[in-house]
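Enquirer: One structure, pasted below without further comment.
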Amino acid sequence: NLFGAIDAFARLPQDVRQGVQLVLNQVEDETVLRVCAARHGLAPDDVVITGKVSNADLIALFQMCEVFFFPSLYEGFGLPVLEAMACGAPTICGDNSSLREVMQREDAMFDASSVEAAAGLLAHTLMDEGLRMSLRDSGLARAKEYSWDRTARLANEAWEEARARARAESRIAIARPARKRVAMVTPLLPERTGVASYVSEILAPLSRYLDVDLYTSAEPAQGANAQRAERRT
């Protein structure tokens, strides 16, 4: 969102922009950006465009700036914001994608799709030294939460949790499934019916796979076969 950054910077009140330069780092086409800056009424020295800089120079730029202004429209993580905070730069950024998680300060975020919102917070931050000091302190503290040691520990905990979950799911998969329950309304021996005789043959094998509730007019005392059937169910 480099064009948005230039537009927002150009909208700052003249007295706020006095003595301040917008520094753009490692851009693709400087000529296009220069044309954009001129179209918005900015003088050539209002905008500084660098080539690729070394890590040492990048740290120096972070440490020297009044505000690190990051109007990106989308970030997979937002490493530039974290790097700026780690170097003590008062940092403001868009309130989209992963940037909200990294920043976590509502008063340091703006709608990056709105040039007016971006310019408003940038102007406010440049004019308010107390806010800049607060952003510097909170940024340094926030950056410490993203150490490589903590990253490794959280990654290890996630792997251990995944392994434990896989083991639990494996145990569930091999566990005996719950038995189904059926109701059977039928005559039983010693009643002399074909159905009673048939049921007496299938009841024992069936009860190995299902829980069977029998509903019958036969009296349990009427015969040993009926009593054995009841015990099997």
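Enquirer: For the stretch 84-96, check the following and say yes or no: at least one residue is out of contact with any helix residue (DSSP H, G or I) (no Cβ under 7 Å at 6 or more places or on another chain), open to solvent by 10 Å² or more (accessible area, probe 1.4 Å) and touching a residue at least 40 places away in the same chain (Cβ under 8 Å).
Expert: Step one: filter the stretch 84-96 for residues out of contact with any helix residue (DSSP H, G or I) (no Cβ under 7 Å at 6 or more places or on another chain), giving 94-96.
Add one more test, that the residue is open to solvent by 10 Å² or more (accessible area, probe 1.4 Å), and what stays is 95-96.
Those still in the list that are touching a residue at least 40 places away in the same chain (Cβ under 8 Å) too: none.
No.
Enquirer: Further question on the same structure: Have a look at Ala10, Ala38, Ala112 and point out the one that is at pLDDT 95 or above and farther than 23 Å from His124 by Cβ. Steps first, answer last, please.
Expert: On the way: Ala10 fails: farther than 23 Å from His124 by Cβ; Ala112 fails: farther than 23 Å from His124 by Cβ.
One residue alone meets the criteria, Ala38.
Enquirer: List the pairs whose first member sits in the stretch 140-152 and is of a type in the set (Lys, Arg), whose second member is surrounded by 11 or more Cβ atoms within 10 Å (Cβ to Cβ) and at pLDDT 90 or above, and whose Cβ atoms are under 6 Å apart, counting only residues at least 6 apart or on separate chains?
Expert: Listed by first residue and then by second, the contacts come to Arg142/Met85.
Enquirer: Could I ask something else about it? So Ala119 fits all but one of (1) under 18 Å from Arg17 (Cα atoms); (2) of a type outside the set (S, T, N, Q); (3) touching a Ser or Thr at 6+ places or on another chain (Cβ under 8 Å); what number is the exception?
Expert: (3)
Enquirer: Output the residues belonging to the stretch 9-28 that are open to solvent by 100 Å² or more (accessible area, probe 1.4 Å), under 11 Å from Ile49 (Cβ atoms) and in contact (Cβ under 8 Å) with a residue 24 or more places away in the chain.
Expert: Going residue by residue through the stretch 9-28, those that are open to solvent by 100 Å² or more (accessible area, probe 1.4 Å) are 11, 14-15, 18, 21, 26, 28.
Cutting the leftovers down to under 11 Å from Ile49 (Cβ atoms) gives us 21, 26, 28.
Answer for the stretch 9-28, where residues must be open to solvent by 100 Å² or more (accessible area, probe 1.4 Å), under 11 Å from Ile49 (Cβ atoms) and in contact (Cβ under 8 Å) with a residue 24 or more places away in the chain: Gln21, Gln26.
So that you can scan it fast, the table gives a plain yes or no per residue for (1) at pLDDT below 95; (2) closer than 23 Å to Glu145 by Cα; (3) among the small types (Gly, Ala, Ser):
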site: Thr31; (1), (2), (3): yes, no, no
site: Val47; (1), (2), (3): no, no, no
site: Ala56; (1), (2), (3): no, yes, yes
site: Phe68; (1), (2), (3): no, yes, no
site: Leu82; (1), (2), (3): no, yes, no
site: Cys87; (1), (2), (3): no, yes, no
site: Pro90; (1), (2), (3): no, yes, no
site: Glu116; (1), (2), (3): no, no, no
site: Asp128; (1), (2), (3): no, no, no
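Enquirer: Checking the condition surrounded by fewer than 14 Cβ atoms within 10 Å (Cβ to Cβ) and hydroxyl-bearing (Ser, Thr, Tyr), which residue from Thr125, Thr151 passes?
Expert: On the way: Thr125 fails: surrounded by fewer than 14 Cβ atoms within 10 Å (Cβ to Cβ).
Only one candidate passes the filter, namely Thr151.
Matching residues to (1) in contact with a helix residue (DSSP H, G or I) (Cβ under 8 Å, 6 or more places away or on another chain); (2) surrounded by 10 or more Cβ atoms within 10 Å (Cβ to Cβ):
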| site | (1), (2) |
| --- | --- |
| Ala112 | yes, yes |
| Glu116 | no, yes |
| Tyr146 | yes, yes |
| Glu157 | no, yes |
| Ala168 | no, yes |
| Arg171 | no, no |
| Thr186 | yes, yes |
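The values are calculated or read from the model by the stated rules, or taken from the named source; none is laboratory data. Note that the coordinates shown come from a computational prediction; the quantities given were computed from them, not determined experimentally. Cβ sites come from the backbone with ideal geometry, for glycine too, and all protein chains shown count toward neighbours. Just the protein is used for accessible areas: all its heavy atoms, side chains included, with ligands, DNA and RNA removed. Shrake-Rupley method; radii C 1.70, N 1.55, O 1.52, S 1.80 Å.
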